[in-house]
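Since every read-out is calculated from the coordinates, none of them should be taken as a lab result. Fair warning: this is a prediction, and the values are worked out from it, not measured in the lab. Note that we place each Cβ from the backbone using ideal geometry, even for glycine, and neighbour counts take in every protein chain shown.
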Amino acid sequence: MMKFKIHLIIVWLGMLFIISCNQKKSVEIINPGYDFYPLAKGHFVVYDVQNIVHNVVGTIDTFNYQIKEVIGDTNSAKGNAPFGYKLLRYKRPNSTVAWTLDSVWQVWLNSNVLVVNENGEEYIKLSFPLKNAIKWNGNTYNNKNAETYEIRMLGNKSYINNAFYDNSVRVIQHDSLPINVVNRDYRTEYYAKNVGLIYKEWQIYTYDQASLGQFKIETGSHYIQQISSYGKE
C-alpha cells in the first residue's frame, strides 16, 4: 500500500512538472515582443547623433546634435490597426539649448508588424513574433525596391553610449556584402525591451572608381544615432 502511494505521488509530481513546462512555453508564445517598441503616450527617447558627410569636392563635414522622439496622441492609421500614434521628433544642437519641433512622424502596430511613417515613407521596422533569422520586406508599404530585413541577436545584451541594455534585438536592414568596390550600403537598428530604438547606424558611400579597390570614399555619409536617455513625460 505504501509503495502504491509513493508511486501516485511520483506520478502527480511528474504531471505538475509537465504542466509547469507547458505553461512556461505558452507564456513565451503569447509574448510576441511588442514591448521592444513601447506605444504609450508620453514615452520618449533622447539620442546623440553624429553624421559625417563626405562631399564630392573631397571635404568632410561633421554634424553633431540631439534628437528626441516622443509618442504623442493617437490618430488614424492604415492597415489592420484601429489607430496609430503621432511620433513627435524634436531637435537641438546640444543639451544646453531648448528643443525645437523638427517633424511629426507616425507609428502604428498591426497584428504582426510595427510600421513607422518617416516623412511620408512607410517602413516595417519589426515583424512579430520576434525570432532570430526572421526576414521580411521592410519596403512592403512604400514604392521602393524590396529590401530584406532580418532579426539577429534577439535577447542579447547591448552596450550603447556607456550604458547596458539587457534585452535587445538587432535588425539588419541592408548590408552590401560580400565586399562591393563600387559602393557601401550598410544599415542596422537595435531595439531594447521596454525602451524602443536604442541605436541606428548607416554607412552609405560611393567609392572613387579612379582608385578602384582602395575604398576611397567619393561621396556619402556615416550616420550614428545612439540613445542618451529615455523615460515618460
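Let's see if you can work this out: charge +1 on each Lys and Arg Cβ, -1 on each Asp and Glu Cβ, no other charges. What is the dipole magnitude of the chain about its Cα centre, in debye to the nearest 20? Let's see the in-between values first.
Details: 24 positive and 20 negative charges, 221 e Å.
I would put it at about 1060 debye.
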CD proxy, 222 nm, the chain: helix-only mean residue ellipticity via -39,500 (n - 2.57) per DSSP H run with n ≥ 4, per residue, nearest 500, stands at -4500 deg cm²/dmol
Expected vector for segment 162-168, Karplus 3J(HN,Hα) from phi with 6.51, -1.76, 1.60 and θ = phi - 60°, integer Hz, x for Gly and Pro, equals 6, 9, 9, 10, 5, 10, 10
Work out from phi, with θ = phi - 60° and the Karplus expression 6.51 cos²θ - 1.76 cosθ + 1.60, the ³J(HN,Hα) of each residue of segment 195-201, listed in order in whole Hz, and give x for Gly and Pro.
-> 10, x, 5, 10, 7, 9, 9
Place +1 on the Cβ of every Lys and Arg and -1 on the Cβ of every Asp and Glu in the chain, take the dipole about the Cα centre, and give the residue among Leu126, Val182, Asn143 whose Cα lies farthest towards its positive end.
-> Leu126
Relative to the longest principal Cα axis of the chain, at what angle does helix 2-30 sit, 0 to 90 degrees, rounded to 10?
-> 20 degrees
Segment 189-233 and segment 98-171 have their Cα centres apart by a whole-number Å value of 14 Å
Kirkwood-type radius of segment 142-224, with distances r between different C-alpha atoms, in Å | 14.4 Å
Residue separation between Gln214 and Ser95 times 0.36 nm, minus their alpha-carbon distance, gives in nm 38.9 nm
